1. Can you list the helices (runs of 4 or more DSSP H) lying wholly within the range 87-194 that have 2 or more residues being open to solvent by 60 Å² or more (accessible area, probe 1.4 Å) and touching a residue at least 40 places away in the same chain (Cβ under 8 Å)?
2. Test of understanding: among 73, 27, which residue is open to solvent by 30 Å² or more (accessible area, probe 1.4 Å), out of contact with any Pro (no Cβ under 7 Å at 6 or more places or on another chain) and at negative phi?
3. Output the number of residues of the range 329-347 satisfying the condition of being more than 18 Å from residue 214 (Cα to Cα) and in a loop (DSSP other than H, G, I, E, B).
4. Does residue 198 qualify as being touching a strand residue (DSSP E or B) at 6+ places or on another chain (Cβ under 8 Å), in contact (Cβ under 8 Å) with a residue 40 or more places away in the chain and part of a helix (DSSP H, G or I)?
5. Being of a type in the set (Lys, Arg) and in a strand (DSSP E or B) is the filter; apply it to the range 224-258 and report the residue that is least open to solvent (accessible area, probe 1.4 Å).
6. Restricting the search to the range 202-223, which residues are open to solvent by 30 Å² or more (accessible area, probe 1.4 Å) and either touching a residue at least 24 places away in the same chain (Cβ under 8 Å) or touching a Cys at 6+ places or on another chain (Cβ under 7 Å) (or both)?
7. Of everything in the range 26-43, what is within 15 Å of residue 236 (Cβ to Cβ) and among the polar types (S, T, N, Q)? Give them in sequence order.
8. What are the pairs, 6+ residues apart or on separate chains, where a residue within the range 324-352 that is at negative phi and modelled with pLDDT of 95 or more has its Cβ under 9 Å from a residue that is among the aliphatic types (A, V, I, L, M) and open to solvent by 80 Å² or more (accessible area, probe 1.4 Å)?
Amino acid sequence: MITAQAHINLDAIRHNYQVLKKLCGNQKLVAVIKGDAYGHNAIAVAKSLPNADLFAVARIEEATELRDAGINQPILLLAGCFCSNDIKQAQRLNLDIVIHNEQQLQDLEQVALAGAINVWIKVDSGMHRLGVQPEDVANYLSRLKRLNAVSEPVSFISHFSCADNTECGTTQKQITAFSKAVENTQGMKSIANSAGILLWPNSKFDVARAGIALYGISPQSDSIGKDFGLIPAMTFSTRLISVRHHQKGQPVGYGNAWIADKETTLGVIAVGYGDGYPRAASNHASVFINGRTAPIVGRVSMDMVVVDLGLDAQDQCGDSVELWGENLPIESVANAAGTIPYELTIQLTSRVYKELA
Ligand SMILES: *Cc1c(COP(=O)(O)O)cnc(C)c1O
């Protein structure tokens, strides 16, 4: 019997792409599938989106796997290349690369390429992580224009630091700074991530980039994907492997971290931090079983979690238990564990069987 499994609903991902594309207006929409599509299987996701305008990944190895799998759409390498050999490889694979610092620019100036390559200048509009300072953009652009292998026109990308917070003034400042940095240039411009697409209609340029929302998850901690018409693509579930009576005053699990304040029935489910279920959810999160939620009691251990089923529980060993997904928003589990859904979907371990449908 399969216990811990993640069911990946590729129709949901197709639906979400369409919902987001609509919100994007005239923009192209990049499907961000780095990190094995946030744990959803990058090749399967890419194959299920034959109409996606572009894909984006973080590392050249991720892009290579996609090309090897026969994915032919444009692929944007979000942080660019980190050595000359990678630039050659990127050109051979027809990847779009990002330039965000002097070293990358020099590497590109010095490398001998077999053909043309598409380049995006990453502009630091206020996140101050990666990026060319706005006042240096003209210089980067003129140096790139001198290079025969660089396709014209060069495009521009920037990234939001706080777009999940609609109260924060940073996002508007970034939009303004980006507009100003790229004014009077030709190439495509892109700044919006999922939060930009969903929450900042004035963040539209030529291209938007959706990661988390593509998987049906809200980028905010106080809303869920459904609030935006998105469908959660991953349902993580397991099985009940033990049901037993538990007396008032008895503790449960490591460290006696929970003590029953009344008589009840406890269930043990086959999942733990060894599957990627967050240990920080101990005593905080709930699971969904037989049409209702049941709280986790005591500590999450490597292979097991204990849940309080209530005194009159009728649940049986073998019953399916949802940890997040269709019936239980991952956003609430992430909140309970003091983290974000991004970390939860990506950290499922190889022990979890992923079913693609
Ligand atoms: C990961 C990433 C995205 C996608 O962000 P989401 O919040 O998941 O939509 C977009 N742009 C860049 C540069 C990224 O690194």
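The values are calculated or read from the model by the stated rules, or taken from the named source; none is laboratory data. Since the structure is predicted, the reported quantities are computational estimates derived from the model, not experimental observations. Because the Cβ atoms are built from the backbone with ideal geometry, glycine has one as well, and the counts that use them run over all protein chains shown. Areas reflect the complete protein model, heavy atoms only, side chains present, ligands, DNA and RNA absent. Shrake-Rupley method; radii C 1.70, N 1.55, O 1.52, S 1.80 Å.
1. On the way: elements: 102-110, 137-145, 170-182.
Those helices (runs of 4 or more DSSP H) span 170-182.
2. Details: 27 fails: open to solvent by 30 Å² or more (accessible area, probe 1.4 Å).
73 is the lone residue from the list that is open to solvent by 30 Å² or more (accessible area, probe 1.4 Å), out of contact with any Pro (no Cβ under 7 Å at 6 or more places or on another chain) and at negative phi.
3. Within the range 329-347, residues that are more than 18 Å from residue 214 (Cα to Cα) and in a loop (DSSP other than H, G, I, E, B) number 3.
4. Spelling it out, it is not the case that residue 198 is touching a strand residue (DSSP E or B) at 6+ places or on another chain (Cβ under 8 Å), in contact (Cβ under 8 Å) with a residue 40 or more places away in the chain and part of a helix (DSSP H, G or I).
5. In this case the residue turns out to be 239.
6. 202, 204, 205, 206, 221
7. Of everything in the range 26-43, just one residue is within 15 Å of residue 236 (Cβ to Cβ) and among the polar types (S, T, N, Q), namely 41.
8. From the range 324-352, the pairs are 331/340; 334/340.
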